[in-house]
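Working notes, structure below.
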Amino acid sequence: MKYSALSLLRNALSHNRNWPEAWRSPKPKKKYDALVIGGGGHGLATAYYLARDHGMKDVAVLEKGWIGGGNTGRNTTIVRSNYLWTEAALLYEKSMQLWEGLSQDLNYNVMFSQRGVYNLGHTLQDMRDIERRVSANRLNGIDAEVVTAVQLKKNIPQLNTSPTSRYPILGASLQRRAGVARHDAVAWGFARAADRLGVDIIQQCEVTGIRRDGDGIIGVDTTRGAIDADRVGVVVAGHASVLASMAGIRLPIQSHPLQAFVSEPLKPVLDTVVMSNAVHGYISQSDKGELVIGAGIDAYNGYAQRGSFPTIEHAMQAIIELFPIFSRVRMLRMWGGIVDVAPDACPIISKTPVNGLYFNCGWGTGGFKATPGSGWVFAHTIANDEPHELNRAFDLQRFESGALIDEHGAAAVAH
Amino acid sequence: MLLIDCPWCGERAETEFSYGGEAGITRPKDPAALSDAEWADYLFMRNNPKGAHRELWNHSQGCRRWFGIERDTLTYRIAGTFRLHGKDEG
Amino acid sequence: MARQTNRLGSGGRIDRSRPLRFRFNGRDYGGYEGDTLASALLANGVRLVNRSFKLHRPRGIIGCGAEEPNAILQLGSGAGTLPNQRATQVSLYDGLEARSTRGWPSLRFDASSVNDLFGRVFSAGFYYKTFMFPQRWWDYYEAFIRRSAGLGVAPDRPDPDRYEHRNAHCDVLVVGAGPAGLMAALAAARSGARVILADQQREPGGSLVGSDLPIGGRPADEWIAAVVDELREFDDVRVLTHSIVFGYHDHNFVTIAQECGGDMRERLWRVRARQVVLAQGAFERPLAFCNNDRPGVMLASAVSAYIKRYAVCPGRRAVVFTNNDSAYQCALDLAHAGATVGALVDSRGSVSSELTDRVEAVGIPVLHGHIVTDVRGRLSVGGVRVARWNGDTDARADNSIDIRCDLLAVSGGWNPAVHLHSQAGGAIAWDERRHCFVPAESRQANRSAGSGNGRWSLADCLRDGRDAGVAAARSCGFDAAEPELPVVEERDETPLQPLWRVPAARDPDSCPKQFLDFQNDTCVADVRLAVREGYRNVEHVKRYTALGFGTDQGKLGNITGMAVLAETLGAPVASVGTTTFRPPFTPVSFGVCAGEGVGELYDPVRKTAIHEWHVSAGAAFENVGQWHRPWYFPRAGEDLNSAVARECLATRRSIGILDASTLGKIDVQGRDAVAFLERIYPHKVGRMAVGRCAYGLMLGEDGMVMDDGVMTRLGDRRYYLTTTTGGAARVLAWLESWLQTEWPDLEVYLTSLTDQLSTISVAGPNSRRLLEKLGCSIDLSREQFPFMSMRQADLAGLPVQLFRVSFSGELAFEINVDSAHALALWQTLMDAGREFEITPYGTETMHVLRAEKGFVIVGQDTDGSVTPIDLGLERMLAKDKDFLGKRSLARPDCVREGRKQLVGLLSADGRTVLREGAQLIEEPGAAHPVPMIGHVTSSYMSDCLGHPIALALVAGGRSRHGETIHASLGAGSIATVTIVPPVFYDPQNERQHD
């Protein structure tokens, strides 16, 4: 059934009794052409594009819990493509272009809302970095502009632009096409669309072993039995290292807790997304009215979906520095996710030493925005046993050759 | 917030410490003799287990000493603290 | 002012001698000290307090605590306004102003209540299915959605109040001061343990406050007072009221938000407890019958609490609907308060006769085996529809009778508040006998007690609390005796009958709405729809239907929702489970989480010993790391450019003076200092003669430039290092980590001198004459004190270290002096330098001077992806030793052709100052993505040279000197530039060697 205002009305008349399932809940088959391990946004997108663009419909997505239950449902939903390095920028921009038609493509409203993202600069070096990034973005065909403190005051009157604040805001970069989306809907929309193309989405199915025959993959063991496949894509975010060790390979990945929180719902007060690295915090307001705020990652490794309270305290302090009017607002919920961080803060979307085994991980704190693009290039990589041009640089080899894509290097040392 | 038992100062809040990653990563004696892959393994590859993890911590807001702890990365329970290198024992 | 029509003539814990006035939605009302806003509204007969989120249904107060989903109000106005305040938890104060957050044009006549008529269209997740066509209209749809959503309004000005953090340690933290908590605290305190007892109410006692139940032979209030008095006698016991324990974090770290009053609005207690007793009670749950959200439908326990604590009877003619024993007390309380109880409707077929008799004895008709199926009335309850029921949940309710009433008190049973236990990692289990989730094993040092542990009777709660307190104290090593339990009345209990969705006259998909989450308008039919559509996991149902996403965080309706889900799935509740309980237990302000760490204390400013001089000289400051450094020293009428031009020229022509105290300074000494530094630095450290200086690069193990500075050999086994300002702490920690973790056999001691020593740099051709004029104890001549060397000396009577190093390319001296004397020395230099027109300069001039010489700034001209070779510094890399990062430099990517290398750039037109950060391209006008070959890292107008200069990283740049490329200036504008060597000024280094 196609979703539309009309179908809503029609179903309302029959007391909503006739809505079909958004996706089936099939039993796993013994064998598939390809398996995607991980039913988050990235995994579901991978399966969708495998079926849609590569004719691979005999595909199953294996999810140990419930789809969208990992970082997909735990992030602050920021979508942007204004990355510095060309390799990263073009990958995220591909994703941005997919976002721009995603609701229609999936026939599921993912509420992609292009309300703009400001990255604030607080020091002269921040402003140099912003100029550098904006200049690079524009040459890569990505919308970007430098905004002065005066313009910021006008565009975001709630923002503390006082020159006497501890770290005065000197300016910002702005990507107008950037914004936020409804995270759960992304997982559900991809699941529904993939299911309609024949993909089996199998929840409550935890992979317990990866079976190899010499250098090649032959299948996986799961809590719901063994499943054969000679192509397996692993896209499990924080648990990448766990799956890698099942396959007998090592990854340059560290798993860390990352926390976020929301306020109680408020009437519209912030109609854009504001991010600051120096005063570490990022904030937007959801359509429901909640302020959605991201904190920093905890320094230590962790697989618990919770973090340290001082990290929340610091994020609160940062938000009040940026928006003193939010001091009396209350936090409603806080939670944590497990982020998989690579040494260069860039993803790994790569073939592995095991034939037919592919890994997609290392998205760190920024994976949500890449969801459609990540799935799109990963599907290409699995279908062709060869990376797409857009993810060629994001291979495992780069850690040997030294060809890192150092997105976080751009903020090195103050002089 | 973790409560960490510094071997020199006793139990202190996590905020007094900084984290140093997996313990037991030893710098190769002769880096020049290593292949790129071996060097990359030393530089970047880490075990990152879900469960027991031996890791380095520094009491950076206290005695500034480095030491090791064994912590479960899922429950955050700390099984024990250890000093690095035998000669510091006691 | 309206009369308090529902206020009882006597009783309650209010202070009738202290009347208070308040205003709600523009009308004036009265209340008393001790009221909550909710009790005062009810006292005044205010029924309608708000509208619901989605359907704009009229809503009244339903609960009396943290579970309240409807009475969410805006308090006050202006800077002091507070959004989303739960009226049940707001203490009334004189002059309080509150207003509903929804309802236009008025709360009674809300235009958006039309939504309710189309409620079936606004089914669970409807927004995922529409607003997609046409694509470009989404912005309009969304703007409408946003305007419709949200509850309260954020303040429009900064917070006038303050907040503080306080750390505390204790042996036993007891959460909740009800009967169980009081007994636990008493048991622990008597053993000698350090105890903190925290409770969210204004006074201890929990459910017993205002109660006339006898405990130990005296009224409950007296017993509470006696226990609290005893607790307060102990030195090591702290009783916190108005204090909500909202977070249970790892390693028994517990966070408490305390309301303080005054301009210190709230305090965050950060408690590390050895043992925790969780006795925070239970939440009563509603039943899901049709129109169960009408104003006047209330929880039975809340009705009792309003009567007993606040002397407010919320209705005149009541019906009580229950599936368990507890609501019988409510019926008695109502009757005692003078209300007519039209019926006590009990779903259970039979109940102990003792209980029934007690209720019937006061003239209340008891209808066993009956249910309330629907509610009449829109803005207020007008009556209920009651039907006979045989216990079959699939049955249709027919043959119903109408009972007129203005209040319906409901009890669907109780849910232990397992939130903190669950936050602490503890398991929860479905209790098949008591039909609720109870705490199972703990994962931290905590135990639950009382109704929070599934104990319903007062006697059980007291015993459970005592046992928990004793056990907690013993776990801490105290020899705790068991306090005697007070005698209380015990009664037979008839088990609760599990009832969640109440059968209606029509099937659950088409009957009037049966609400589960009142704030989000989530109904039974929504849960059923979610299941139908495949959203079957409890987390999917929650996210798809918004069940539990209200500001009560599901305290009221979540468990009922889970049970309805289980029923729909045909599965036991235990297998459905619950969603995760996450902090905070109730919402907490951003302000209290931030505490004092805002404004000036967000990150305290580091200032040099000379800072005040810079301030009085009118310096403009720049944040560098945590420091405030002078950026430039404008004279009247000067802007940045003109001031910097003057400062640069003055330095090149005569003398400039710079406060360089922020540089990191590290003393390195010990037997193995040489061996250690050889491993760290790429150059040959051991070859340096005592008294000589060398430029030192520090690489990460990845071979990339990490920091730089000057290294000076002070003795055979002693060196002095400087680092960048921002890198100082990091470098010290980095060196220390290598020493301790990797090379413990080396005997080396590192000491930070950054604050002890101040550094004044005097640069320019007259700098030597200035020092000589001041009286210097050593020969400063080029021959006796050559470039890149260091001497101890007395200068102007002060002991100093003099370094002949230069970051400007001029003859220069860096003077290290004890920070206590730095300001005096600076002043002396300024005074003596007047004849040379000595000119103070800031970081901007420092940058220009160094850029003219092609000296890089780590972090500006490098970015973590730059090797020493890229900077043209391969001569510094020793071939015959290993050092950190060396192996990485041999990786394929580090030795490939075409790496970006440091170059200089000159604008072809001789005028354009490039933008720092501008990307460099070869082909202007090429299609996107345009290949980029590098970027401008530093760019200045050089008034000394008479033209702009820039430094850049350019692919293969060193072999491209003389070539022309283009810099993107943004907005399509392009500058043509020529690649040149990066040294623009005095390439022979004659001036600095002078």
Chain-alone versus full-assembly comparison, the range A:330-365, residues with accessible loss of at least 10 Å² (1.4 Å probe):
A:Arg330, A:Met331, A:Leu332, A:Arg333, A:Met334, A:Trp335, A:Pro343
How large is ³J(HN,Hα) for each residue in the range A:277-285, as worked out from phi by the Karplus curve 6.51 cos²θ - 1.76 cosθ + 1.60 (θ = phi - 60°), to whole Hz, x for Gly and Pro?
8, 5, 9, 6, x, 9, 8, 8, 10
Under a Cβ-only charge scheme (Lys and Arg +1, Asp and Glu -1), can you give me the dipole magnitude of chain C about the Cα centre, in debye to the nearest 20?
1920
Indicate the gyration tensor shape class of chain C (rounded, prolate or oblate), computed on the Cα atoms with a ≥ b ≥ c the square roots of the eigenvalues: a/c under 1.5 is rounded; otherwise a/b larger than b/c is prolate and the rest oblate.
prolate
Place a label point 7 angstrom from the Cα of C:Glu835 along the Cα-to-Cβ direction, then list the residues of the range C:642-663 whose backbone nitrogen is under 15 Å away.
C:655
Span from the the range C:492-559 Cα centroid across to the the range C:611-649 one, whole angstrom
65
Helix A:309-322: inclination vs chain A longest Cα principal axis, degrees, rounded to 10, gives 50
Options C:Trp414, C:Trp138, C:Gly534, ranked by Cα towards positive dipole end of chain C, top entry (Cβ charges)
C:Trp138
Which lysines have a Cα lying under 30 Å from the Cα of C:Lys308, excluding residues fewer than 8 positions away in the same chain?
C:Lys555
If each of C:Gln827 and C:Phe118 carries a label point 7 Å out from its Cα toward its Cβ, how far apart are those two points in nm?
7.7
Antiparallel bridges, percent of DSSP beta bridges restricted to chain C (to nearest 5):
75
Round to the nearest 10 and report in Å² the accessible area of C:Val954, as given by a 1.4 Å probe over the protein chains' heavy atoms.
0
Regarding the range C:513-590, what's the average projected area of the Cα-atom convex hull, expressed in nm²?
5.0
Sequence-separation-based contact order of chain C, relative, with Cα cut under 8 Å and 6+ spacing, percent:
9
Would you calculate the separation in nanometres between label points at C:Arg108 and A:Met1, each defined as 7 Å from the Cα along the Cα-to-beta-carbon direction?
4.1
Which of the residue pairs A:Lys351/B:Lys29; A:Lys2/A:Lys27; A:Lys57/A:Lys94; B:Lys29/C:Lys853; A:Lys2/A:Lys288; A:Lys369/C:Lys513 have a Cα-Cα distance greater than 28 Å in the structure shown?
A:Lys351/B:Lys29; B:Lys29/C:Lys853; A:Lys369/C:Lys513
Residues C:Arg911 and C:Asp139, FRET efficiency given R0 of 35 Å [Cβ-Cβ distance, rounded to 0.05]:
0.20
Going by accessible area, probe 1.4 Å, with all protein chains left in place, what is the ranking of C:Arg147, C:Arg466, C:Arg218, largest first?
C:Arg147, C:Arg218, C:Arg466
Within straight cross-link reach of C:Lys665, meaning Cα distance under 17 Å, which aspartates and glutamates are found once same-chain residues fewer than 8 apart are removed?
C:Asp707, C:Asp708, C:Glu736, C:Asp755, C:Glu814, C:Asp818
Which residue, A:Glu321, A:Glu93, A:Glu21, tops the fluctuation ranking in a GNM of chain A built on C-alpha contacts under 10 Å?
A:Glu21
Heavy-atom accessible area per residue - the protein assembly as shown, 1.4 Å, Å²
34
Rounded to the nearest 500 deg cm²/dmol, what is the calculated helix-only ellipticity per residue at 222 nm for chain C, with -39500 (n - 2.57) per DSSP H run of length n ≥ 4?
-6000 deg cm²/dmol
For B:Arg64, what accessible area in Å² do you get when you roll a 1.4 Å probe over the heavy atoms of the protein chains, rounding to the nearest 10?
80
For C:Gly31, what is the net charge nearby, where nearby means another residue's Cβ is under 15 Å from its Cβ and Lys, Arg count +1, Asp, Glu -1?
+4
Between the residues C:His961, C:Leu920, C:Pro987, the Cα farthest towards the positive end of the dipole of the range C:897-994, that dipole coming from +1 and -1 charges on the beta-carbon of Lys, Arg, Asp and Glu, is from C:Leu920
Treating the Cα atoms of the protein assembly as shown as identical point scatterers in vacuum, please give the log10 of the normalised Debye intensity I(q)/I(0) at q = 0.06 Å⁻¹, two decimals.
-0.64
Which value, in square angstrom to the nearest 100, describes the accessible area buried between chains C and A on both sides, using a 1.4 angstrom probe?
10400
Share of accessible surface on carbon and sulfur in the protein assembly as shown, whole %, 1.4 Å probe and ligands ignored, is 49
Calculate the dipole size of the range C:1-157 relative to its Cα centre from +1 charges on Lys and Arg beta carbons and -1 charges on Asp and Glu beta carbons; express the result in debye to the nearest 20.
340
Compute a Gaussian network model of chain B, connecting alpha carbons closer than 10 Å, and tell me which residue from B:Phe44, B:Phe17, B:Phe67 fluctuates the most.
B:Phe44
Any idea how far apart C:Arg958 and C:Ala225 come out in nm if each label point goes 7 Å out from Cα toward Cβ?
8.8
Expected output for the range C:239-261, residues with a loss of 30 Å² or more in accessible area relative to the chain alone at probe 1.4 Å, reads C:His249, C:Asp250, C:His251, C:Phe253
List the residues whose amide H sits under 5 Å from the amide H of B:Arg46, counting only those 5 or more places along or on another chain, with H placed 1.01 Å from N in the peptide plane.
A:Leu251, A:Ile253
Ignoring ligands, DNA and RNA and using a 1.4 Å probe, state the total buried accessible area between B and A in Å², rounded to the nearest 100.
2100
Out of every Cα pair in the range C:664-752, what percent are spaced more than 15 Å from each other?
54
Can you give me the C-alpha center-to-center distance between the range C:207-230 and the range C:322-371, rounded to a whole angstrom?
26
Name the residue, out of A:Leu98, A:Leu197, A:Leu139, whose mean-square fluctuation peaks in a Gaussian network model built on chain A with Cα pairs under 10 Å.
A:Leu139
Have a look at the DSSP beta bridges in the protein assembly as shown and tell me what percent are antiparallel, nearest 5.
75
Treating only Lys and Arg (+1) and Asp and Glu (-1) as charged, each at its beta carbon, one finds that the protein assembly as shown has a dipole about its Cα centre, in Debye to the nearest 20, of 3080
Estimate for me the total accessible surface buried between chains C and B (protein heavy atoms, probe 1.4 Å, no ligands or nucleic acids), in Å² to the nearest 100.
2300
11 Å beta-carbon shell around C:Arg294, net charge (K/R +1, D/E -1):
+3
May I ask you to find the residues of the range C:895-928 that are shielded by at least 20 Å² of accessible area once the whole protein assembly is considered instead of their isolated chain (probe 1.4 Å)?
C:Lys900, C:Arg915, C:Glu916, C:Gly917, C:Gln919, C:His928
For the range C:676-690 and the range C:835-870, what is the separation of their Cα centres, given in Å?
24
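The values are calculated or read from the model by the stated rules, or taken from the named source; none is laboratory data. No experiment lies behind these values; they were computed from the predicted model shown. Neighbour counts run over all protein chains shown; Cβ positions are idealised from the backbone, glycine included. Accessible surface areas use protein heavy atoms only, side chains included; no ligands, DNA or RNA. Shrake-Rupley method; radii C 1.70, N 1.55, O 1.52, S 1.80 Å.
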